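Visitor: Please find one structure pasted underneath; my questions will follow.
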Amino acid sequence: MTPARKHTEVAVGILLRGDGAMLLSTRPPGKAYAGYWEFPGGKIESGENVEQALRRELIEELGVTIGAVQAWKVTEYDYPHALVRLHWCKVQAWEGDFEMREGQQMAWQQFPLDVRPVLPGAYEVLRWLAEERGQVFDPETLSD
């Protein structure tokens with residue numbers, strides 16, 4: 001019998017501007033799914049809670065300090081390289097200038113999204129965000 005895979009716990013930030021645009025960034029070179037678009041965030045380290053991990057990751061990746069964090073949803077996605085549990089948080093305030101500190105790109109997006117491909121683990125959350133706005137999200141338009 002194969003042992004169950006252990007979850008990698010990940011804090012994810014849905015940064016929302018006043019006009020409703022969402023910040024997406026690409027996965028950095030050298031990581032699994034490099035070049036795919038995703039919401040920023042990263043692994044929760046030992047001793048951290050979701051908010052602490054998200055704050056640390058967004059400083060490390062984007063150079064911004066976030067304001068209030070609204071825990072929103074938790075999803076799971078089974079990638080070939082990792083089984084992840086994603087802790088999605090909405091963030092509407094931050095300080096600092098965005099710096100792509102890991103060689104990634106960033107884009108503010110509305111629906112329908114202009115960037116492709118999007119990391120499959122984000123599809124369910126994108127669908128929920130679209131529904132909140134009375135819109136439809138079609139993941140078929142986001143593959144390679």
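The values are calculated or read from the model by the stated rules, or taken from the named source; none is laboratory data. Because the structure is a prediction, the values reported are computed rather than measured. FYI the Cβ positions are ideal-geometry reconstructions off the backbone, even for glycines, and counts take in every protein chain you see.
Visitor: Can we say residue 71 is more than 27 Å from residue 30 (Cβ to Cβ), out of contact with any Leu (no Cβ under 6 Å at 6 or more places or on another chain) and touching a residue at least 12 places away in the same chain (Cβ under 8 Å)? Let's see the steps before the verdict.
Guide: Working: more than 27 Å from residue 30 (Cβ to Cβ): yes; out of contact with any Leu (no Cβ under 6 Å at 6 or more places or on another chain): yes; touching a residue at least 12 places away in the same chain (Cβ under 8 Å): yes.
Considered against the rule, which asks whether it is more than 27 Å from residue 30 (Cβ to Cβ), out of contact with any Leu (no Cβ under 6 Å at 6 or more places or on another chain) and touching a residue at least 12 places away in the same chain (Cβ under 8 Å), residue 71 comes out as yes.
Visitor: Just give me the residues in segment 15-39 being in a strand (DSSP E or B) and touching a Pro at 6+ places or on another chain (Cβ under 9 Å), in sequence order.
Guide: If we filter segment 15-39 for residues that are in a strand (DSSP E or B), which is where we start, we get 15-16, 22-26, 37-38.
Listed by number, the residues that qualify are 15, 23, 24, 25, 37.
Visitor: Moving on to the next point. From the list 56, 85, 17, pick out the single residue that is modelled with pLDDT of 95 or more, in contact with a His (Cβ under 6 Å, 6 or more places away or on another chain) and among the charged types (D, E, K, R). Don't jump to the end; show me each part of the working.
Guide: On the way: 56 fails: in contact with a His (Cβ under 6 Å, 6 or more places away or on another chain); 17 fails: in contact with a His (Cβ under 6 Å, 6 or more places away or on another chain).
From the options 56, 85, 17, the qualifying one is 85.
Visitor: Going through 140, 99 one at a time, which residue ends up being modelled with pLDDT under 95 and either over 21 Å from residue 50 (Cα atoms) or part of a loop (DSSP other than H, G, I, E, B) (or both)? Reasoning before the result, please.
Guide: Numbers: 99 fails: modelled with pLDDT under 95.
140 is the lone residue from the list that is modelled with pLDDT under 95 and either over 21 Å from residue 50 (Cα atoms) or part of a loop (DSSP other than H, G, I, E, B) (or both).
Visitor: Among 77, 36, which is touching a helix residue (DSSP H, G or I) at 6+ places or on another chain (Cβ under 7 Å), hydroxyl-bearing (Ser, Thr, Tyr) and either exposed (fewer than 12 other Cβ atoms within 10 Å of the Cβ) or closer than 22 Å to residue 127 by Cβ (or both)? Give the derivation first.
Guide: Working: 36 fails: touching a helix residue (DSSP H, G or I) at 6+ places or on another chain (Cβ under 7 Å).
Going through 77, 36 in turn, the sole match is 77.
Visitor: Of all residues in segment 12-54, count the ones that are among the charged types (D, E, K, R), over 13 Å from the mean Cα position of the chain (by Cα) and closer than 18 Å to residue 100 by Cβ.
Guide: So the answer is 2.
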